[in-house]
1. Under a no-solvent Debye model with one identical scatterer per Cα of the protein assembly as shown, what's log10 I(q)/I(0) at q = 0.08, 0.10, 0.11 Å⁻¹?
2. Helix B:2-29 against the longest principal axis of chain B: what's the angle in degrees, Cα atoms only, rounded to the nearest 10?
3. On average over all directions, what projected area in square nanometres does chain B have, based on the convex hull of its Cα atoms?
4. Each residue of region A:20-31 in order: what ³J(HN,Hα) in whole Hz does its phi give by Karplus 6.51 cos²θ - 1.76 cosθ + 1.60, θ = phi - 60°, with x for Gly and Pro?
5. Using a 10 Å cut-off around each Cβ of peptide A:105-117, what is the average number of partner chain Cβ atoms that fall inside?
6. Mind listing the long-range amide H neighbours of A:Lys226? Cut-off is under 5 Å, sequence gap 5 or more, other chains count too, H placed in the peptide plane at 1.01 Å from N.
7. Using θ = phi - 60° and the Karplus curve 6.51 cos²θ - 1.76 cosθ + 1.60, what whole-Hz ³J(HN,Hα) does each residue of region B:193-208 get, with Gly and Pro shown as x?
8. Taking the number of other C-beta atoms within 10 Å as the exposure measure, put A:Leu73, B:Leu147, B:Leu103 in order starting with the fewest.
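What follows is calculated from the coordinates using simple rules that are stated; it is not laboratory data. Just so you know, these numbers come straight off a predicted model, no measurement behind them. Positions of Cβ are generated from backbone atoms using ideal geometry, with glycine treated the same way; all protein chains shown enter the neighbour counts.
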Amino acid sequence: MLKLNNVKKTFNPGTINEKKALCGIDLQLNPGDFVTVIGGNGAGKSTMLNAIAGVWPIDKGEIIIDGINVVKLPEHKRAKYVGRVFQDPMMGTSAPMEIQENLAIAARRGQRRTLRWSITKKEKQEFHELLKILGLGLEDRMTAKVGLLSGGQRQALTLLMATLKKPKLLLLDEHTAALDPKTAAKVLSITDKLIAENNLTALMVTHNMKDAIAHGNRLIMMNEGKIILDVRGEEKQKLTVESLIQKFSETSGKEFSNDRALLN
Amino acid sequence: MEQFVNYLASLPSAVAQGVIWGIMAIGVFITYKILDLADLTVDGTICTGAAVCATMMTLGFSMPVAMLCAFVAGMLAGFLTGVFHTSMGIPAILAGILTQLVLWSVNLKVMGIALDKTSAANLPLSSRNFDTLVSMLELEKTLVVLLIITIVLIGVLYWFFGTEYGCSLRSTGANLNMSRAQGINTNVAKVVGLVLSNGIVAFAGALLAQYQGNADINMGKGAIVIGLAAVIIGEALFGWLARHNFSLKLLSVIFGGIIYFIVYSTVIYLGLDSNYLKMLSAIVVAIFLAVPYWKGKYFSGAEHIEKRKHKKDKSGKEV
């Protein structure tokens, strides 16, 4: 479903701020894979997701989504294949617009936007049913402006928007990091539910090792722009936070340096 | 007393001018409020609309054709700003200023065509000689025509911004990241918004030339400030009414324009040197723009709520 071949990206090349963010990433995701991504600060986790989403052009390599090389496609064209949820709850929704208007925009991802009315009656009913799944009572506030919602509600809505038109690939970039633990757990369970129900292929960056172990069928660990660990299936189920930290220092020869990950 | 009667007699004219500038301010509203771009092109576009309309009518074209061409000329100006901004990466404000400068030359040349000169800074368009749509000499007819134009314009914009495409423009202004992630080409959306906005501004310019009986190279000076003033006054006075309805928001911009010109007439009646008016408008707009910033900087939201609670405590109504 997703194939990364030797993807490289250096920020600010040739300056004192030069940062080799991705140093030849190779990764293949099968349909239905739900991969959690962990790693220290500046390991390249978010950078990898942004490279796939097309936020900026990569220096080298291939990004193939469902057989299509998307390297030359701009961000808005890749959106046809990719659903995204960001770390910042403010980033995934349009605050001055209504909940149903946001959903209607998401319902047209990858389609031509015409001069037809932006939302149909039938869609309103569909959205009502879909919002019920979230269990946040948003189905009764469909004409409320999204700016009035809490961070957790906005993330849940963004998730729904990202999966409304079934994406080939779902990218979750620390999407629970800005939420309180209770809300984060709720959003994560919604994530699991939506991925399972739609049989989605997903990449989820998280700083929480427990979450990384508990969710998904595969776990990758990154360090200094490379994937240093790739565990799946039964082997992944047996992982513990301690064993992960040990594996990290074995493969990288360093101490694990993400305080947020260790504190959780 | 006689002065006061004159003042009262000048009010319908102030209303007419206010509506014309209010229509122009709707163009400003589209870029400033919906797309979150400060577009300074409008200072030039309003004169472009006036110049194109006056020139075409002087050359013998009919008024509707002339106004349509003015609208298209404005759209082209908006397109140029859009290309400067999106394809060439120039900040929106600077892109607008560049187009404004381009238009200065274009406007002089266009008006020159009508007079068979290499350039002209002024072109008469009196309703005595031309079949104009609006005119300060026929105020009653003008007010009716402007009312109809306002209703049609607001209706069309209400429809457009309610469509799939219109919604993508609104989301572009609200959140670029979200819009791109949902597959919206935000650069195209910005250009379309600038084109639409400047088309409307040029249309208002064409109306203004007919109303005042001439097109003048200086007529757009400070237009952006008047436009912003209309938007801000409208929002400040009628925002509470128009919060949930887009067409009412647009209508409040028109009322903002009307109030601006009524205040304008009033301060002149009170004896203020009219040379100060632009300075006053700029200061008023600056203060209104500063209010939300000050609010955010000096009163955090929490404090604000605490204070309100406190007030209620004192009044003893609610604890």
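1. One equal scatterer on each Cα of the protein assembly as shown leads to -0.68, -0.94, -1.05.
2. With rounding to tens, the tilt is 80 degrees.
3. Values: hull surface 82.2 nm².
If you wrap the Cα atoms of chain B in a convex hull and average its projections, you get 20.6 nm².
4. With coefficients 6.51, -1.76 and 1.60, one gets 7, 8, 10, 10, x, 8, 10, 7, 10, 10, 8, x Hz.
5. Values: counts 10, 5, 2, 7, 4, 2, 2, 3, 12, 3, 7, 4, 6.
For peptide A:105-117, the averaged partner shielding equals 5.
6. A:Cys23
7. So the Karplus estimates, Gly and Pro as x, are x, 5, 4, 4, 4, 6, x, 5, 4, 5, 4, 4, x, 5, 4, 5 Hz.
8. On the way: A:Leu73 16, B:Leu147 12, B:Leu103 30.
In increasing order of surrounding Cβ atoms, one gets B:Leu147, A:Leu73, B:Leu103.
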